[in-house]
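The values are calculated or read from the model by the stated rules, or taken from the named source; none is laboratory data. Note that this is a predicted model, so its numbers are computed, not measured. Backbone-built Cβ (ideal geometry, glycine too); neighbour counts: all protein chains shown. For accessibility, only protein heavy atoms count, side chains too; no ligands or nucleic acids. Shrake-Rupley method; radii C 1.70, N 1.55, O 1.52, S 1.80 Å.
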Amino acid sequence: MEDRKLTVRAVERALDILMCFTKDSDLGLSEIAGAIGLHKSTVHRLLTTLEERGFVIRNPATDKYRLGLKIWELSAHLSHNDDPAVLLLPQMEQLRDRLGETVSLYLRDGTDRLRIQAVQSNQAIRRVAQVGARLPLFVGASSKVLVAYAEDAVLRAVLDSPDWPAAVDREAYMSQLEEIRCAGYATSYEEREPGAAAVAAPIFDRNGRVAAALSVSGPVSRLSPQTLEKMAPVLIEAAREMGMMIHT
């Protein structure tokens, strides 16, 4: 039993190391050890094993680590015909071409949202959306959409989170969620990052459950509140059509 506990703990720690690379692509031993709260000798042993198996690569010139080719091998088998990130890509590209801005697709994961697909704007000045980015559910159009249509337990977990930003008033946030449910979409104007604006709508599956959030984002110089409002009906209709394509 004790050996099993040690094995499970080692697996958990190895996974914690890999998750460090969701925030940075190149990390040193000390950075990783500090991020997961383990002694450097322990982290070094785990990194050595991960390196031997091809999950991380060490740069001998800098002594920093980055994800290895095994990760790409695994990701190659991630997408399937019913994967929303693949299934909805053509529709996202059409929406990008129609509205001229970056289109993103988000799923909720606990009290975070995960960008699983993005189609970048073709304009010279644009907002670049990185696939795989993990963002909190406190602010942002897509975050508010995912919370507005989620179960009460999700809303409570978000409101009770110790990471809730002091600058965001909970009562005002709750009022926004009610407005979103009435309007069918959410907007954000420099809520999460300066200079960026977005409008988002929920994608419901055939059973009426929220499957994802679809957003259009770009620089505030082009996306005024009035422009976001004009985009909303187009976005809602696109989200409705995408929802009909999702199998549950």
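Count Lys and Arg as plus one, Asp and Glu as minus one, and take only other residues whose Cβ is under 9 Å from that of PRO136; the net charge is then +1. Per the Kirkwood formula applied to alpha carbons, the chain shows a radius of gyration over Rh ratio, Rg over Rh, of 1.02.
What do you get for the angle between helix 225-245 and the principal long axis of the chain? Use alpha-carbon atoms, 0 to 90 degrees, nearest ten. Approximately 70 degrees, to the nearest ten. About the centre of its Cα atoms, the chain shows a dipole size close to 420 debye [charges on the beta carbon of Lys, Arg (+1) and Asp, Glu (-1) only; nearest 20 debye]. Of the solvent-accessible surface of segment 141-191, computed with a 1.4 Å probe over protein heavy atoms with every protein chain present, carbon and sulfur atoms account for 48 percent. Per-residue extension of 0.36 nm, minus the Cα-Cα distance of ARG13 and ALA35, leaves a gain of 6.8 nm for this segment. Looking at segment 1-138, the DSSP beta bridges with both ends there are about 100 percent antiparallel. To the nearest 10, the accessible area of ASP16 is 80 Å² with a 1.4 Å probe.
Per-residue ellipticity at 222 nm from helix content only, as computed over the chain with -39500 (n - 2.57) for each DSSP H run of at least four residues, stands at -14000 deg cm²/dmol. Place +1 on the Cβ of every Lys and Arg and -1 on the Cβ of every Asp and Glu in the chain, take the dipole about the Cα centre, and give the residue among ALA124, ALA153, TRP72 whose Cα lies farthest towards its positive end. After comparing all options, I get TRP72. Hull volume per residue, based on the alpha-carbon atoms of segment 91-200 and their convex hull, is 105 Å³. Computed over protein heavy atoms with a 1.4 angstrom probe, the accessible surface ordering of SER121, SER30, largest first, is SER30, SER121. For segment 131-248, the normalised intensity computed at q = 0.10, 0.15, 0.21 Å⁻¹ comes to -0.29, -0.67, -1.26 (log10 of I(q)/I(0), Debye sum over alpha carbons, equal scatterers, no solvent).
With the simple spin-label model, which puts each label point 7 Å out from Cα in the Cβ direction, the ARG222 to THR49 separation comes to 4.8 nm.
Shape annotation for segment 25-101: C-alpha extents along the principal axes are 52, 26, 25 Å, from largest to smallest.
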